[in-house]
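For reference, the structure is listed below as structure tokens.
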Amino acid sequence: MRKERGMTQQEVGQGFRKPVDITMISRWERGVVRPTATNLLELARVLKINPAKLHFVEDRQDSL
């Protein structure tokens, strides 16, 4: 969604009320870590989308 809006990771991170480092944005995008509930709400605000539109894919091995 970030790329669809033509935003860089830096722009997204700086859009947070308390700025988030681009390494954290990258880790979210790569699925290394998941954002907290608060960060999900902030991310939705920055991207100007409904928070329900954000989803993170579960690792298939975790669900076995």
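Magnitude of the charge dipole for the chain, about its Cα centre and with charges confined to Cβ atoms of Lys, Arg (+1) and Asp, Glu (-1), is about 220 debye.
Between Arg5 and Val32, the simple spin-label model (points 7 angstrom out along Cα→Cβ) gives 2.2 nm.
Keeping the other protein chains in place, figure out the carbon and sulfur percent of the accessible area of the chain, with a 1.4 Å probe.
Numbers: 2600 of 5050 Å².
Result for the chain: 51 percent of the exposed heavy-atom area is carbon or sulfur.
With the Kirkwood sum run over all distinct C-alpha pairs, the chain has a hydrodynamic radius of 12.3 Å.
The values are calculated or read from the model by the stated rules, or taken from the named source; none is laboratory data. Everything numeric in this text was worked out from a predicted model, so none of it was measured. Ideal geometry is used to build each Cβ from the backbone, glycine not excepted, and the neighbour counts take in all protein chains shown. Side chains are part of the model used for accessible areas, which takes the heavy atoms of the whole protein and leaves out ligands, DNA and RNA. Shrake-Rupley method; radii C 1.70, N 1.55, O 1.52, S 1.80 Å.
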